[in-house]
Amino acid sequence: MELLLETIVKPLPAHLFTRHEASAEMRWEAMAGQPLLTPTDRFFVRNHTTTPTIDASTWRLRLHGDALRNELDLTYDQLKAMPAQTRETAIECAGNGRRFYGEQQHDQTPGTQWGLGAIGVARWRGVPLRYLLAQVGISPKATDLLPQGLDAPFEGYGHVRRPLPAEKAMDDVLVAYEMNGEPLPPDHGFPVRLVVPGWVGIASIKWLGDIQVATTHLSSPWNTEFYKDVRVHPPKSAFELPWNAEFTAGEPYVLRGRSWSGAGTVTRVEVSTDEGRTWREARTNPHPAWSTWQIDWTPEKRGPATLRARATDESGETQPASTPTHPFGYHFNAVVHHPIHVR
Ligand SMILES: Nc1nc2c(c(=O)[nH]1)N[C@H]1C(S)=C(S)[C@@H](COP(=O)(O)O)O[C@H]1N2
Ligand SMILES: [Mo]
């Protein structure tokens, strides 16, 4: 008999999630009818190893390094007593959409075969990292931070850790202890995680225990081997529909979906229901975390078909028809062909 090691604490019902080894992907139909935020019960989980059990009363965040005037060992209560901010923002895995390199471009890449569900938007609350850094007297010469997780070491590489430029750390990063109005759940980093808006998910270190702050360049396997050369998410789109959704010819429908980009708010979304020959503009509700949109459609032709959505963000970047080959399958941002069937 095979022993199934549970790597994730929260329930993963099959109508909300697709399992991928130690991780779990949200099914996009689970966002249908939801307001802006992804409910925590369906927020994707990406674990390198296993969700750890951490006691908040003995947890400490250690801040140290040659770029700090003082070292600090912070307790959970001390952190929660500091000035806090709330921010609605997405966390997305750099490998989100990897499956489509293979399925759509005949260019299979190794790694978790995510569809489009390795993204979620939550309301995060915590202390701005720049406030914490000011408390410990960060030097203007600081260049890099190295935040590290308290989860088990990953294979032979040590604890999950990834350098973060001081410039981003001093901008909009949160040291978060709440998700959607509740303490962070174990799978999402309890008691404390980083939230790094717009950047690949690996930047948002969960189960945060240690931050080195240095005046020199820092590196780790998480920027030299894994997640190399990826930083800000390109625009992407998804329909709030199951794969192979069924429609009835002659019936009016409202197609709904969401589009997002790490480089700025998505301001324009176009939809094609004829395999990319013609495009119509969707009614879009722009939001920096992700923009929701809708468009009316009455299918006419019976048989298999695909739906396509194409987003443009405020920087002017539009989703392309195909994504250049990437050795690790990151940043698949081409328009996805969502298969449906019209009866
Ligand atoms: N300590 C630690 N932090 C981590 C990870 C991890 O395995 N360990 N996974 C990273 C990756 S690759 C992603 S995409 C996000 C996923 O966050 P979520 O599981 O809360 O959705 O967390 C990041 N932070
Ligand atoms: Mo990730």
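The values are calculated or read from the model by the stated rules, or taken from the named source; none is laboratory data. What you see is a predicted model, and the numbers here were worked out from it, not measured in a lab. FYI the Cβ positions are ideal-geometry reconstructions off the backbone, even for glycines, and counts take in every protein chain you see. Areas reflect the complete protein model, heavy atoms only, side chains present, ligands, DNA and RNA absent. Shrake-Rupley method; radii C 1.70, N 1.55, O 1.52, S 1.80 Å.
Sites listed here are trypsin sites (Lys or Arg not before Pro) in the stretch 1-77 whose DSSP assignment is loop and whose Cβ has at most 14 other Cβ atoms within 10 Å: ARG69. Over the residues of the chain, the helix contribution to mean residue ellipticity at 222 nm works out to -1500 deg cm²/dmol, using -39500 (n - 2.57) for each DSSP H run of at least 4. Phi-derived couplings, Karplus 6.51 cos²θ - 1.76 cosθ + 1.60 at θ = phi - 60°, listed residue by residue for the stretch 321-330: 6, 8, 10, x, 3, 10, x, 10, x, 8 Hz, with x used for Gly and Pro. In the stretch 2-224, the DSSP beta bridges split such that about 90 percent are antiparallel, to the nearest 5. Remark: C-alpha extents of the stretch 58-148 on the principal axes read 53, 29, 27 Å, sorted largest to smallest. So how far, in whole Å, is the C-alpha centre of the stretch 272-343 from the one of the stretch 167-222? Computed from Cα coordinates, the inter-centre distance equals 31 Å. Farthest toward the positive end of the dipole of the stretch 28-187, out of PRO163, HIS64, ILE138, is the Cα of ILE138, where the dipole comes from beta carbon charges about the Cα centre.
Straight-line reach from LYS80: taking Cα to Cα under 27 Å and skipping same-chain neighbours fewer than 8 places apart, the lysines in range are LYS10, LYS168, LYS206. For the stretch 225-343, the convex hull spanned by the alpha carbon atoms encloses 108 Å³ per residue. Across the alpha-carbon set of the chain, the Rg to Rh ratio works out to 0.99, Rh being the Kirkwood radius.
Note on the chain: with charges restricted to the Cβ of Lys and Arg (+1) and Asp and Glu (-1), its dipole about the Cα centre is near 360 debye. Once all protein chains are placed together, LYS228 keeps about 90 Å² accessible to a 1.4 angstrom probe. For LYS228, the aspartates and glutamates whose Cα falls under 20 Å of its own Cα, not counting residues fewer than eight places away in the same chain, are GLU92, ASP107, ASP144, GLU155, GLU167.
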